[in-house]
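Here is the structure we will look at.
The values are calculated or read from the model by the stated rules, or taken from the named source; none is laboratory data. This one's a predicted model, so the numbers in the text were calculated from it and none came from an experiment. So basically every Cβ, Gly included, is an ideal-geometry build from the backbone, and we count neighbours across all protein chains shown. These accessible areas exclude ligands, DNA and RNA; they are computed on the full protein's heavy atoms, side chains included. Shrake-Rupley method; radii C 1.70, N 1.55, O 1.52, S 1.80 Å.
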Amino acid sequence: MHESIRLQKYLAQCGLASRRKAEELIAAGKVTVDGVVVTEMGVLVISGVQTIACMGKVVEAREQLVSYLLNKPKGYVTTLADPQGRPVVTELLKEAGTRLFPVGRLDLDTEGALILTNDGGLAQQVQHPSHEINKTYEALVRGMPDDRKLNLLRSGIPLEGKLTSPARLRLLSRQGANCLMEITIHEGRKRQVKKMFSYIGHPVLSLKRTAYGGLRLGNLQTGRYRRLNSADLKKIFL
């Protein structure tokens, strides 16, 4: 459903001019709605339905750039479509009202923090290796790795012909014969965390991403999402 908006506000949101300048353009008879000159303030228009022009040039609304943090559940793929018919993460954000795409990926059986956005510039910044954005995970691993093995991960291990960058690790809790480890890395190789723990003989039983940089899931429930503000976006790069 399209919403109506005051003409001067529409012109300002489109980036044509400030609200006050837009009012001056309207008063001067330089703005048309569906080909008819409008000089009164407060006329309501509907974006995408009516044609608004200024001095003969059509003024189109700019897509608002938005980003969301989702707590991805297991069983969803982080693609826009899946040939196997599995559920995709964008199905969880239908109410957002705009087309979004995931920034990076999480495996089908991995849950946790996933950014979705329509801002290509932000996505490129987050994913580009030069920015070295830290990603933090909670990994339930089989057994209890000793310090020697953990130090291998901290210093870097050979993975597919290339050493991994040093990881930060700490023990969160023991869970029976297994343990919950927190690991922070800035690389984004496919299934990297799982491969790292397998290398030291302690395979991952379950995996959850908890943070991008300083942007943490907090108490966001599984399957829920929240819109990110400018302060949130800055935390990604901390």
message: Tell me whether region 94-108 contains one or more residues that are touching a residue at least 40 places away in the same chain (Cβ under 8 Å), open to solvent by less than 20 Å² (accessible area, probe 1.4 Å) and touching a Lys or Arg at 6+ places or on another chain (Cβ under 6 Å).
response: yes
- prompt: Among GLY218, GLY201, GLY223, which is in a loop (DSSP other than H, G, I, E, B), open to solvent by 40 Å² or more (accessible area, probe 1.4 Å) and closer than 30 Å to GLU95 by Cβ?
  reply: GLY218
query: How do the strands (runs of 3 or more DSSP E) wholly within region 112-190 filter down when requiring 2 or more residues that are more than 30 Å from PHE101 (Cβ to Cβ): which remain?
result: 168-175, 178-185
message: With the structure loaded, tell me whether MET181 is of a type outside the set (Asp, Glu) and either under 28 Å from the mean Cα position of the chain (by Cα) or closer than 25 Å to GLU91 by Cα (or both) or whether it fails that test.
response: yes
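Every residue, every condition in (1) within 24 Å of GLU138 (Cβ to Cβ); (2) of a type in the set (A, V, I, L, M, F, W, C), yes or no:
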| residue | (1), (2) |
| --- | --- |
| LEU44 | no, yes |
| LYS57 | no, no |
| GLN64 | no, no |
| LYS72 | yes, no |
| VAL77 | yes, yes |
| LEU80 | no, yes |
- prompt: How about region 181-195: which of its residues are closer than 17 Å to ASP109 by Cα and open to solvent by less than 50 Å² (accessible area, probe 1.4 Å)?
  reply: GLN192, VAL193, LYS194
